[in-house]
Structure formats: structure tokens, C-alpha cells
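Asks: Below is one structure. I have some questions about it.
The values are calculated or read from the model by the stated rules, or taken from the named source; none is laboratory data. All values derive from a computational prediction rather than experimental measurement. Note: ideal-geometry Cβ built from the backbone for every residue, glycine included; neighbour counts use all protein chains shown.
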Amino acid sequence: MKKTQFNKFHIAAGGKMVEFAGYEMAVEYTGVKDEHINIRNNVGVFDVSHMGEVWVKGPKAFEFVQKVTTNDVAALTPGKIQYSCFPNGKGGIVDDLLVYHYEDQKYMLVINASNIDKDWAWLQSQNTMGAELENASENISQLAVQGPNAIKALQSLTDINLSEITYYTFKTGKFAGVENVIISATGYTGAGGFEIYMYNSDAEKIWNAIFEAGKSTGIKLAGLASRDTLRLEMGFCLYGNDIDDTTSPIEAGLGWITKFVEGNNFTDREYLENQKDNGVSKKLVGFEMIERGIPRHHYKVVDSKGIEIGHVTSGTMSPMLNVGIGMAYVKPEFSKLGTEIFISIRDKNIKAKVVKMPFYKA
């Protein structure tokens, strides 16, 4: 198993270590609910160094990123970020990602840890125009400092005014005495905060500085399990659960990152535009349990007669709402808000209803 630059700190903090995407990662420290609530109310730190980073550079950089992603890269200016996905040429999704417009003719693509090799192979296969590609995943560490007290915890470490880094923007500068650190605000938790990108050689220095500066706020570590419950409360998709090579962005409710504008001739545009215009055979919805029960990945969704109409992609007991919540693909006629559906949990059909996401609103 690979180890991030922060591995020894996780072990010293009593992290419960598991294998994830080829890395030894901490799934929890003080407990999922405790870490989750701390992020919502205070500030916590995730090690997300396992994520992948690919640089796209040169005069063909824009053309390439516009081709391989569904969002409209022409709308990006340096310092801005887009959420997007790679269509796979068959209507499905290779991966979802973040596109950072770093500077003119230079983009950083932030991809999922479990897909780094697959994505890299896909990007190389699509590079017919000769863009400069660099897989920097092994050289970059990343910490996500999340929660409403993130600015309070971090501001003393940088001259950059963190309050000016608005949602889906970033700045590059000096942080904890280290030059060329990327500080962004995309947030997979919905609780506010920042992502800090650094070279591996600076990782330990920055880790120590963050936890020293954050002492006054009671900053705490958070593991992958609470990251999952936090993103689910916000209705954010997780690749491999809610989206994959067999699901389209239109089916997944990601039409908002699939831009059918003039000049955006991305892979699968015609296929996806047809889905948008003529409908799909399944839709991703959010649901909340009416009767007591915890929905889980792969549980069947049935109608009032017990006929299967779909399946759960993600589910949990919401730490903030104290009710079972989840996402599921269902037949379109069951996707309307308020529709009653049933989740098959241990041979019992438990009542739920389709609700608007996010589930939790701060």
C-alpha cells in the first residue's frame, strides 16, 4: 500500500487505518459522528493527498480540456474552478473532476484517487491535438481544512486574505512560510473551508503549522468515513457509487455541468443532448426515510406493490438530521419530489419519500 506524507501523524493520532484506492488511509479517529459534527460546527482536517492531479499545458491546453470535459471551459478565467466530468464515449462517465484554470494555457485537473491510472490512460488516448500532459499525482500532497472556523484557524499562516477566496476560486501564494501553495475553496462537505495543495517536500512543515495555528479553535482530524457522510448530506455524488461508466451526467442530475453551448463540442455531446431532449430511463434522486431504517449501497428500491424500480447508490443515517438519507436511481415516473418509495432492508420494505437535495441546510 502507498502511504501519504502524513501517514505517521494519522497513526500517532490513533487513526483507524484501512486500504483505500491503494493507499493506507485513516477512516476515522474519534468516531464518525463526532468528526462529522465537528466539521459542521467548528473545523477539521482531512488528508486527501491520495487524490490525483494532472497538469494540462501549452497552446493546445484549452482545446484539450474543452474536448474531454462536459462543462464549458471557455467560461473559466485564471483563478476560477469548475466541477465537471469526463464522458467516456459511450454515454457514461470516466470520472468526475475539478478543473483549475491556473494561468493562461495551464490547467490542473483534480481527479479521484481510485481512478488515477484509468483517467491518465483515458486522457492520453484522447490527446489527438498534442497538449502537454503531466501526471503530478505522486508529487503533490493535499489537505482539506473544512468547517465554519477554517479562516480563523488558517489566516495567521498567510498574507492572502482567505475571505476573498470565494466558492470555486483559488489563489496561489505563500502559506506557512512555503511558496507556491494553492489554496482553493471547493469543499466536498458543504461546511466551508479550503483545500491546501503543496509539494510533498513541504507537507510535514505545513501540517505542523496548521495544527499549531488551529489550536485555539480546537481543530481536529477527520477521516474518510465522515467525509462520506458530510458529502451525502449535501447530495454530492461519489464516483463508484452514484456515478460510474454506466451512468450519464444527465441521468445523474448533472445537467448543470453539461453545457450544450456553441463551441463546446465535447465527447458524447450528441448522445447526451439527445438524453436531455428526449428523456432517460433512470434518474438519480435523493430520498429520506419515513419509517426507521438505514439505507445502504445496492439496496433495492421498490414501489408500493414490491416491484423493483431502482437501487440505492449511497445511504447513511444523517448525523445532523438523525434520519436515514440516501441517493438512488429510480424509474423517471418515481422521481418527482414527494413520491413515496420503499427501500428493501433485510427483507422488509421500509417507507421513504423522494426529497430535494441537499438534505442538510446550514
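Asks: State all residues of segment 1-40 that are at positive phi and either crowded, with 21+ Cβ neighbours inside 10 Å or within 16 Å of the chain's Cα centre (by Cα) (or both); if no residue qualifies, say none.
Replies: The one that is at positive phi and either crowded, with 21+ Cβ neighbours inside 10 Å or within 16 Å of the chain's Cα centre (by Cα) (or both): 21.
Asks: Would you point out which residue out of 74, 61 is touching a strand residue (DSSP E or B) at 6+ places or on another chain (Cβ under 8 Å) and more than 22 Å from residue 188 (Cα to Cα)? If you could, list the steps in order and put the result at the bottom.
Replies: Working: 74 fails: touching a strand residue (DSSP E or B) at 6+ places or on another chain (Cβ under 8 Å).
Criteria check complete, one pass: 61.
Asks: Please pick out the residue among 8, 67, 80, 106 that is out of contact with any Leu (no Cβ under 9 Å at 6 or more places or on another chain) and closer than 26 Å to residue 225 by Cα. I'd like the intermediate steps shown before the answer.
Replies: Values: 67 fails: closer than 26 Å to residue 225 by Cα; 80 fails: closer than 26 Å to residue 225 by Cα; 106 fails: closer than 26 Å to residue 225 by Cα.
After applying the criteria, what remains is 8.
Asks: Checking the condition buried (at least 18 other Cβ atoms within 10 Å of the Cβ), in contact (Cβ under 8 Å) with a residue 60 or more places away in the chain, within 22 Å of residue 232 (Cβ to Cβ) and aliphatic (A, V, I, L, M), which residue from 68, 94, 54, 43 passes? Break it down stepwise before answering.
Replies: On the way: 68 fails: within 22 Å of residue 232 (Cβ to Cβ); 94 fails: within 22 Å of residue 232 (Cβ to Cβ); 54 fails: within 22 Å of residue 232 (Cβ to Cβ).
After ruling out the rest, the residue left standing is 43.
Asks: Then there is this: So which strands (runs of 3 or more DSSP E) are wholly in segment 270-362 and hold at least 1 residues that are among the basic types (Lys, Arg)? Full working, then the answer.
Replies: Numbers: elements: 283-289, 300-302, 308-317, 324-330, 340-345, 348-355.
Answer list for segment 270-362: 283-289, 300-302, 348-355.
Asks: For segment 228-256, enumerate the residues that are surrounded by 21 or more Cβ atoms within 10 Å (Cβ to Cβ), under 16 Å from the mean Cα position of the chain (by Cα) and assigned to a loop (DSSP other than H, G, I, E, B).
Replies: Once the filter is applied, which keeps residues that are surrounded by 21 or more Cβ atoms within 10 Å (Cβ to Cβ), under 16 Å from the mean Cα position of the chain (by Cα) and assigned to a loop (DSSP other than H, G, I, E, B), segment 228-256 yields 235, 237, 242, 249, 252, 254.
Asks: Moving on. Out of curiosity, is residue 153 part of a loop (DSSP other than H, G, I, E, B), crowded, with 20+ Cβ neighbours inside 10 Å and in contact (Cβ under 8 Å) with a residue 60 or more places away in the chain?
Replies: Details: part of a loop (DSSP other than H, G, I, E, B): no; crowded, with 20+ Cβ neighbours inside 10 Å: yes; in contact (Cβ under 8 Å) with a residue 60 or more places away in the chain: yes.
Taking the combined requirement at face value, the residue does not satisfy it.
Asks: Residue 226 is checked against (1) more than 24 Å from residue 32 (Cα to Cα); (2) in contact with a helix residue (DSSP H, G or I) (Cβ under 8 Å, 6 or more places away or on another chain) and fails just one. What number does that condition carry?
Replies: Status for residue 226: all satisfied but (1).
Asks: Still on this model: List the number of the failed condition for residue 7; all other conditions in (1) assigned by TED's automatic domain parsing to the domain that holds residue 166; (2) more than 28 Å from residue 232 (Cβ to Cβ) hold.
Replies: (2) is the only condition that residue 7 fails.
Asks: Filter segment 101-123 for residues that are outside any helix (DSSP H, G or I) and hydroxyl-bearing (Ser, Thr, Tyr) and give the result.
Replies: Of segment 101-123, the ones outside any helix (DSSP H, G or I) are 101-112.
Within segment 101-123, 102, 107 meet the criteria.
Asks: Quickly run through segment 209-227 and pick out the residues that are in a helix (DSSP H, G or I) and closer than 28 Å to residue 285 by Cα.
Replies: Let us first name the residues in segment 209-227 that are in a helix (DSSP H, G or I), namely 209-213, 215-217, 224-227.
Of everything in segment 209-227, those that are in a helix (DSSP H, G or I) and closer than 28 Å to residue 285 by Cα turn out to be 224, 225, 226, 227.
Asks: Every residue in segment 161-192 that is within 16 Å of residue 100 (Cβ to Cβ) and of a type in the set (Val, Ile, Thr), please.
Replies: Matches in segment 161-192: 165, 166, 169, 172, 181, 182, 183, 186.
Asks: Tally time: how many residues in segment 189-208 are touching a strand residue (DSSP E or B) at 6+ places or on another chain (Cβ under 8 Å) and either part of a helix (DSSP H, G or I) or surrounded by fewer than 19 Cβ atoms within 10 Å (Cβ to Cβ) (or both)?
Replies: 7
Asks: Within segment 274-297, how many residues are crowded, with 18+ Cβ neighbours inside 10 Å and of a type in the set (Lys, Arg)?
Replies: So the answer is 2.
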